[in-house]
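Novice: Here it is, the structure, as structure tokens.
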Amino acid sequence: MLLYRLNRLRAVDGGMVLRYGEGRFGVTRREWVMMALLSSGEVLQSSELALRAELNRSATSKAVTAMLKKGLVECRVLPGNRRITQLQLSEAGRQLYDEILPLVEEVNR
């Protein structure tokens, strides 16, 4: 029953993080996951971000659009291929991530 227990733990932890993120900071769970993935400073294509976040491209696109509106990410289109976009955290996104991370770490402790 290890997988069941891990799933329950994730649900409890995720619920607390979700309340912090959405209630206090206006960031959804999907957006938080993407912020965490982009926090290394690595520039990712939206398709790679979807893969790493284990989300379909539609859900990723919606979350990225919301994050762009909030000013949390920056988006560049590759010259010569407008279908490929590269994403990275904006300065505002980095600051918000740095503010939320200690709270998430405390929940995990």
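Novice: Across the stretch 62-97, what is the number of residues that are in contact (Cβ under 8 Å) with a residue 40 or more places away in the chain and on the phi > 0 side of the Ramachandran plot? Please lay out each step first, then the result.
Specialist: Step one: filter the stretch 62-97 for residues in contact (Cβ under 8 Å) with a residue 40 or more places away in the chain, giving 70, 72, 85-89, 93-94, 96-97.
Then keep just the ones that are on the phi > 0 side of the Ramachandran plot; that gives none.
Of the residues in that region, 0 qualify.
Novice: Also, I was wondering about something else. Quick one: which residue in 39, 90 is of a type in the set (Gly, Ala, Ser) and in contact with a Phe, Trp or Tyr (Cβ under 6 Å, 6 or more places away or on another chain)? Steps first, please.
Specialist: Working: 90 fails: in contact with a Phe, Trp or Tyr (Cβ under 6 Å, 6 or more places away or on another chain).
Sole residue among the options that is of a type in the set (Gly, Ala, Ser) and in contact with a Phe, Trp or Tyr (Cβ under 6 Å, 6 or more places away or on another chain): 39.
Novice: Pull up the stretch 68-86, narrow it to residues that are charged (D, E, K, R) and touching a Gly at 6+ places or on another chain (Cβ under 9 Å), then point me to the one that is surrounded by the fewest Cβ atoms within 10 Å (Cβ to Cβ).
Specialist: Within the stretch 68-86, the match that is surrounded by the fewest Cβ atoms within 10 Å (Cβ to Cβ) is 70.
Novice: Follow-up question, since we're still on this one. What about residue 105, is it open to solvent by 50 Å² or more (accessible area, probe 1.4 Å) and over 19 Å from residue 24 (Cβ atoms)? Spell out how you get there, then give the answer.
Specialist: Details: open to solvent by 50 Å² or more (accessible area, probe 1.4 Å): yes; over 19 Å from residue 24 (Cβ atoms): no.
Considered against the rule, which asks whether it is open to solvent by 50 Å² or more (accessible area, probe 1.4 Å) and over 19 Å from residue 24 (Cβ atoms), residue 105 comes out as no.
Novice: Does the stretch 32-49 hold any residues that are among the acidic types (Asp, Glu) and part of a loop (DSSP other than H, G, I, E, B), and which are they?
Specialist: 42
Novice: Still on this model: So which pairs qualify, if the first residue must be in the stretch 50-61 and assigned to a helix (DSSP H, G or I), the second must be open to solvent by 100 Å² or more (accessible area, probe 1.4 Å), the Cβ gap must be under 7 Å, and the two must be at least 6 apart or on different chains?
Specialist: Listed by first residue and then by second, the contacts come to 50/57; 59/30.
Novice: Have a look at 89, 37 and point out the one that is touching a Lys or Arg at 6+ places or on another chain (Cβ under 7 Å), within 23 Å of residue 104 (Cα to Cα) and of a type outside the set (S, T, N, Q). Outline the logic, then answer.
Specialist: Numbers: 89 fails: touching a Lys or Arg at 6+ places or on another chain (Cβ under 7 Å).
Exactly one residue qualifies, and that residue is 37.
Novice: Would you confirm, using the coordinates I've provided, whether residue 99 is open to solvent by 70 Å² or more (accessible area, probe 1.4 Å) and modelled with pLDDT under 95? Walk me through it before giving the result.
Specialist: Details: open to solvent by 70 Å² or more (accessible area, probe 1.4 Å): yes; modelled with pLDDT under 95: yes.
Yes; evaluated as a whole, the condition is true for this residue.
Novice: Okay, next question. Could you list, in sequence order, all residues of the stretch 23-52 that are of a type in the set (Ser, Thr, Tyr) and either at pLDDT below 90 or open to solvent by less than 80 Å² (accessible area, probe 1.4 Å) (or both)? Steps first, answer last, please.
Specialist: We begin by selecting, within the stretch 23-52, every residue of a type in the set (Ser, Thr, Tyr); these are 28, 39-40, 46-47.
Scanning the stretch 23-52 gives 28, 39, 46, 47.
Novice: A follow-up question, please. Could you run through the stretch 53-62 and say how many residues are closer than 17 Å to residue 89 by Cβ and open to solvent by 100 Å² or more (accessible area, probe 1.4 Å)? Explain how you work it out, then say what you get.
Specialist: Within the stretch 53-62, the first condition is being closer than 17 Å to residue 89 by Cβ, and the residues that meet it are 53, 60.
Next, only the ones that are open to solvent by 100 Å² or more (accessible area, probe 1.4 Å) stay: none.
Of the residues in that region, 0 qualify.
The values are calculated or read from the model by the stated rules, or taken from the named source; none is laboratory data. The structure displayed is predicted, hence computed values, not measured ones. Cβ atoms come from the backbone with ideal geometry, glycine included; neighbour counts cover every protein chain shown. Remember, those area values only see protein heavy atoms, side chains included, never the ligands or the DNA or RNA. Shrake-Rupley method; radii C 1.70, N 1.55, O 1.52, S 1.80 Å.
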